[in-house]
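Below: the structure, in structure tokens.
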There are 4 protein chains.
Amino acid sequence: MTIPVAILGATGYAGAELVRMIDGHPNFAVAHLGAHTQAGKRAGSVLPGIAGQLANMTLAGADAIIPDAVALVFTALPHAAAAKSVAKALALGKKVVDLSADFRHQSPAIYQQAYGIEHPHPELFKQAVYGLCEHTRDKVAISSLVANPGCYPTSMLLPLIPLLKADVVHKESIIVDAKSGASGAGRSAKTDLLYCELNESVKAYGLPRHRHAWEMEEWAEGLSGAAIRVRFVPHILPMGRGMLSTLHLSGSEVERWHGLLEQSYRHEPFIRLLPLGELPSTAGVRGSNRCDIGISLLGEGEAVIVSCIDNLIKGAAGQAIQNANLMFSLNEETGLPKHATWP
Amino acid sequence: MTIPVAILGATGYAGAELVRMIDGHPNFAVAHLGAHTQAGKRAGSVLPGIAGQLANMTLAGADAIIPDAVALVFTALPHAAAAKSVAKALALGKKVVDLSADFRHQSPAIYQQAYGIEHPHPELFKQAVYGLCEHTRDKVAISSLVANPGCYPTSMLLPLIPLLKADVVHKESIIVDAKSGASGAGRSAKTDLLYCELNESVKAYGLPRHRHAWEMEEWAEGLSGAAIRVRFVPHILPMGRGMLSTLHLSGSEVERWHGLLEQSYRHEPFIRLLPLGELPSTAGVRGSNRCDIGISLLGEGEAVIVSCIDNLIKGAAGQAIQNANLMFSLNEETGLPKHATWP
Amino acid sequence: MTIPVAILGATGYAGAELVRMIDGHPNFAVAHLGAHTQAGKRAGSVLPGIAGQLANMTLAGADAIIPDAVALVFTALPHAAAAKSVAKALALGKKVVDLSADFRHQSPAIYQQAYGIEHPHPELFKQAVYGLCEHTRDKVAISSLVANPGCYPTSMLLPLIPLLKADVVHKESIIVDAKSGASGAGRSAKTDLLYCELNESVKAYGLPRHRHAWEMEEWAEGLSGAAIRVRFVPHILPMGRGMLSTLHLSGSEVERWHGLLEQSYRHEPFIRLLPLGELPSTAGVRGSNRCDIGISLLGEGEAVIVSCIDNLIKGAAGQAIQNANLMFSLNEETGLPKHATWP
Amino acid sequence: MTIPVAILGATGYAGAELVRMIDGHPNFAVAHLGAHTQAGKRAGSVLPGIAGQLANMTLAGADAIIPDAVALVFTALPHAAAAKSVAKALALGKKVVDLSADFRHQSPAIYQQAYGIEHPHPELFKQAVYGLCEHTRDKVAISSLVANPGCYPTSMLLPLIPLLKADVVHKESIIVDAKSGASGAGRSAKTDLLYCELNESVKAYGLPRHRHAWEMEEWAEGLSGAAIRVRFVPHILPMGRGMLSTLHLSGSEVERWHGLLEQSYRHEPFIRLLPLGELPSTAGVRGSNRCDIGISLLGEGEAVIVSCIDNLIKGAAGQAIQNANLMFSLNEETGLPKHATWP
């Protein structure tokens, strides 16, 4: 079985990963590539990494008609633009995995608070499922519209949810100090993102409240039942890919935490819990769909959890494909790398 | 069909790539991992990128017995050490792809000149085949011992051989100015290879004559019939992977060169010839088994050819697997990535 | 007036910066370079950045006699080794700035807890002054032995002390999430520090309790009177220099904090407080002796403070020279760069 | 004596270095900062590395009047724009060091060939002096308009001129394979220059004929009398600063070459010739005004010369200040760093 797939926003960094990974997927095939500003060009002229016939595909414009045969659409577009494409694709009867933020929230009010605009299609909220596969796979499997989680929320929710469910974390003092490679900032021609501006430097950004903080709080509660408040401080690092979230936590029974995560995730193919006291690096997950998690106990009621993902894979394209596998009743692991491309 | 495979020298950078790629290969399976200095450890404790059962394998020592079921051995060991392991594996009836330099030369004298030691097993020379697949695949297919080409020679021979065969290159003035990521220097704890010594810096090394110069000259002649002399100047760059060779060439009929390469390689799955005048970057091949080639004509009888590979894949582990596919009558492309992991 | 200076441990990264900066200092002159393992070599053969006569100096061994004329000794040696050299230099009547950790603590017990060894010269503790110039300059000026603060404590104490003095920070919940370039890990030939291991990666290290946590707690109290407890989580980043500390703080009257720092530091030449809400990057301080500080108010009683230094300058060699200027009654700013080498 | 200085184009990378270095110069003082697109902003808001009063200066627009007191103007503007500002400044009686390409050529025809536009002020050509200090310092000293050499030509001409003068280099086969950090490409918001596009990658660019090739040929002849032809292939590397030019040369008496360079440059404060057979790295010159040169003899009549500079210092701002020192009869070394900021 080969399922034809459309990728809208194919020339951004997450889009590029989708193109590569879908082409290597045994059950999906790239049938349509959309790119707003690059329409009309050869895919290979904008995506230097792809070769062969794939590189010869022509990039379609925003308004191009998606072929009938396409059963699945990935939207890797800026927010608001994504919602419009999603609505169109759903109207044509296609399943959609949306990598933007447009369907990650359940309330138009929170969306408006986080993104500063009125949502163009709030009527679609009720059919969207939040696609954090390890925790929502049953709903994803029967959904036509999956909101792919943000990279920061993914790295933070995976280690946190089992602990919140067990009610062992102080919900008022959750601090997430996150570090991301530059690819998370996208492919726009901005002076701030030039090589020489980011090279050999680190900085915090997005304060006092980064958009992903709302998503973290909404889904921590949505998936665990526990209302939390997050102090989220993201940083941008001089590297291309990779995301590390350091969770500074207080709570009770910290010596049980490792076991709780072990119990939750021991059968998960894409989560690796390191032995207690060992902490992961982003090099260990780069190029893979894994989330690596480590815990260090600091003392009475205090612990640090470190969580690493490849922001473009488990934090974007990989998780999107994991969701798509579920939506099409494929083995969830299909086409997804478990090992990192190291070094 | 699943063929059990042994990888000796599994904890170096090329070895690590072999482990990852063999585990993802549909017809090969990792059955034995050898590591001289790390013997006894869990594979995952030394190779941060691998996960799951693979990570739980125990690294075997240099003298460990390779299981009977193993039909194929990859040796990714230092030169001289490799030859000894190769001899043992052949004696046990196994096929071998050797990633070291030990069987890349046809004369013990040249080997001694290049590597400064007497070869421990010169009697095996006659059965070794140089595994530059695009040019020697028929011999590779019927061989039990394949010498996997060096990374620099791979990047230089692929664009050069068709031109040498056509006798359009001045054979006395071939200049190869090559640039390599740091992973090419290996994983030894040397001050020279520390992050802070290589970061934000570039330097030439290995002059006046790098070992690979002999290999380049020997196989340029061996594969094209034309005796050449190479001025080879390698540089080390502040990046992990990737190799770019700039060939400064003179010759005749330079306007025909692009066509000659096009004709030679148009059906090759792992060679991408860019349109005339366009030049590749290493980002376009990183993570893939491709060699990307571009030509710029400078003027009357002068051209620059730029050739890019991922030094750990097409320059090491990937080409080794390409050879192994041939040796076991598999489709040559099996398990090998055509697209780069970009960005 | 030119004061002859000895630098012991001249070939490490902090030592190299001392050599460069002392040579450019109008009142100090390099008279003696000590290097334990590199003794007998030309300075220039081990320190690639220096040129001219300086490069022709011979590196002296650990037991070499420091010339009589030398009035000031910088010790940039590993802990314990430093203490022995310090004792010798003091016995010869020289002033000493020690860049190691050996005299940063006031109690042998805490030293032993942090460094795991008995202190070789606890009798010298009483004469050592902690050289955080902005807060201890009067004592430094009349001292013969200055303990140069650690890089992490420098970046954390400078923003914190004025707030602790004003009693507006919750002393029980101080979280310091710090990010350092690789030069902070030193110049030893360790596999963990190879280019390819650190490149394109980030990780936390030193948990559950990094040595600098004791220094932070001791001097936060020593300089402000307020006993605090720190949860300190350092990370190593893929860059050579630069250190950014993110302080996650709670407290009272957060809207006054910026003013408190403004008031404390407005006349300090090497501290730059950014406008409220703006946060610094390490690029803004690299190559300078500055500490840049920014504050973002998160909400009721919560704030993030970000502090950036060049770990080899304000976090090591620069601060050491600032201390030495004070010890010799020179203008404190002499020979110290206020602007960063950007980009 | 303090000479007030204007810097036009102060917010580009070379301009930023001028601002920093002039502020640290004992005889020059920053009196006016011009910035076309950033006019009206605080200098510190666009140049993150500068602090103090300097950061509080307001950036003036292109048409702002340069204060009367200013005696020296540095123009670090795009070509063509530079010429217009130069003409204005000269008309006001000021001395000018122009860092653009506008006055590096002696013929409007060559300029037009290299830059594709008609020169706006060819009448000024006759008064411009090419400011390669080591070879033209006498003319520079009495000039009012100095054309600061390009970074690539600087790195190539310094090692080559003494050999051309001695007539020991084959003039028809000079190959310059150059490698530059990304800062050489400037600070424009272009997708090609984004962090993620350049990171972990290397590529050649500017072929078949980069603009600097004309400058190399013109001044090789202008300064040595020998007409040469250059095959120049520049590459961009994943680092911020630094430039390494590899010269692949043939000629006669190669064993004399090291001595010829030694003789030419032994008294030059900013040129370091390494011992024969040793080759420099860009880390050894980063942050300094030095050019480091090494020679490796390959065999009969063949040699490789490697030359390293910091492209923003010896290749731009530093050399510009060296020229200015000469123009104002200051010691040529004033305010210029001889040691690199290493690591």
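The values are calculated or read from the model by the stated rules, or taken from the named source; none is laboratory data. Predicted model, so just to flag it, every value in this text is computed and none were measured. Reconstructed Cβ throughout: ideal geometry from the backbone, glycine too, with neighbour counts over all protein chains shown. Remember, those area values only see protein heavy atoms, side chains included, never the ligands or the DNA or RNA. Shrake-Rupley method; radii C 1.70, N 1.55, O 1.52, S 1.80 Å.
Here are the numbers:
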| item | result |
| --- | --- |
| Global form of the protein assembly as shown, assessed from the alpha-carbon gyration tensor, a/c cut-off 1.5 | rounded |
| Contact order normalised by residue count of segment D:68-137, Cα under 8 Å, 6+ apart, percent | 28 percent |
| Using a 7 Å Cα-to-Cβ projection, B:Ala64 label spacings across copies, nm, ascending | 4.8, 5.1, 6.9 |
| Per-residue average of Cβ from other chains inside 10 Å of C:277-286 | 6 |
| Average beta carbon contacts from partner chains per residue of D:176-188, 10 Å cutoff | 4 |
| 7 Å along Cα→Cβ, label-point gaps from B:Lys84 to other copies, nm, shortest first | 3.8, 6.9, 7.4 |
| Relative contact order %, chain D, counting alpha carbon pairs below 8 Å whose residues are six or more apart | 17 percent |
| Number of partner chain Cβ atoms within 10 Å, mean per residue of A:40-52 | 5 |
| Straight-distance crosslink candidates among lysines, where the alpha carbon sits under 19 Å from B:Lys126 and sequence neighbours closer than 8 are dropped | B:Lys84, B:Lys88, B:Lys94, B:Lys95, B:Lys139 |
| Gyration tensor verdict on segment A:115-229 (Cα atoms; rounded if a/c is under 1.5, prolate if a/b is larger than b/c, oblate otherwise) | oblate |
| Segment B:256-307: GluC sites (Glu not before Pro) in DSSP coil with no more than 13 other Cβ atoms inside 10 Å | B:Glu300 |
| Cross-link pairs beyond the 26 Å C-alpha cut-off, checked among C:Lys314/D:Lys338; B:Lys190/D:Lys203; B:Lys179/C:Lys179; A:Lys41/D:Lys190; A:Lys41/D:Lys203; A:Lys338/B:Lys41 | B:Lys190/D:Lys203; B:Lys179/C:Lys179 |
| Nearest-20 debye value, segment D:3-127 charge dipole, Cβ charges on Lys, Arg, Asp, Glu | 120 debye |
| 222 nm mean residue ellipticity, helices alone, for chain C (DSSP H n ≥ 4; -39,500 (n - 2.57); rounded to 500) | -8500 deg cm²/dmol |
| Over segment D:189-343, relative contact order from alpha-carbon pairs under 8 Å, at least 6 apart, % | 20 percent |
| Distances in nm from C:Arg266 to the matching label points in the other copies, shortest first (labels 7 Å along Cα to Cβ) | 5.9, 6.3, 7.7 |
| Integer Hz, Karplus 6.51/-1.76/1.60 couplings in order for segment D:78-83, x for Gly and Pro | x, 4, 6, 4, 4, 4 |
| Whole-Hz ³J(HN,Hα) from phi, Karplus 6.51 cos²θ - 1.76 cosθ + 1.60, for segment D:24-33, glycine and proline x | x, 7, x, 10, 10, 9, 6, 10, 7, 10 |
| Probe 1.4 Å, all protein chains present, accessible-area order of C:Asp23, A:Asp68, largest first | A:Asp68, C:Asp23 |
| Positive-pole candidate from B:Gly24, B:Leu92, B:Gly61, dipole of segment B:3-127, charges at beta carbon | B:Gly24 |
| Segment B:55-190 shape via C-alpha gyration tensor axes, a/c threshold 1.5 | prolate |
| Rounded to whole Hz, the Karplus (6.51, -1.76, 1.60) HN-Hα couplings of segment A:218-224, x for glycine and proline | 4, 8, 4, 6, x, 9, 10 |
| Shape metrics for chain B, restricted to C-alpha atoms - Rg then Dmax, Å | 19.3, 61 |
